[in-house]
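See below for the structure under consideration.
Only the coordinates and a few stated rules stand behind these numbers; no lab work does. Since we're looking at a predicted model, the values are computed, not measured. FYI the Cβ positions are ideal-geometry reconstructions off the backbone, even for glycines, and counts take in every protein chain you see.
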Amino acid sequence: MNEEIVVNGVTYNKKQSAPTGCRAVVVIDRGWIFAGDVSRANGRITLTRAIHVFRWESIGFDGMLSAPLSDKVKLKQLENAVEIPEGSEIFCVPVCDTWGLK
């Protein structure tokens with residue numbers, strides 16, 4: 001399998017597993033950010049294996065996505081699933097199945 005691709009003369013290398021399942025980082029209104037295995041039903045978004053993305057510093061949103069276990073990212077594993085009203089979702093970014101898990 002090729003680990004790099006060239007687009008318009010710029011070479012990009014694979015950094016982490018591509019999204020394969022239903023795990024995503026979900027940004028909701030009022031600045032809350034969670035990650036988890038996403039299911040949608042009855043106007044609700046349910047995240048299992050949920051993580052609260054508490055904060056990150058000096059690496060930006062894209063840095064947090066690509067290096068969730070960096071010492072610059074603070075994640076809080078949640079014991080229970082998180083349920084979010086569908087209308088609260090701002091956007092969702094698919095991530096690899098083990099994103100943010102230790």
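Under 19 Å between alpha carbons: how many lysine pairs meet that in the chain, if sequence neighbours fewer than 8 apart on the same chain are excluded?
5
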By counting other Cβ atoms within 10 Å of each Cβ, how are 33, 59 ranked from fewest to most? 59, 33
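Might you report the magnitude of the Cβ-based charge dipole of the chain about its Cα centre, with Lys and Arg at +1 and Asp and Glu at -1, to the nearest 20 debye? Please report the intermediate quantities before stating the final value.
On the way: 12 positive and 12 negative charges, 41 e Å.
Dipole of the chain, to the nearest 20 debye: 200 debye.
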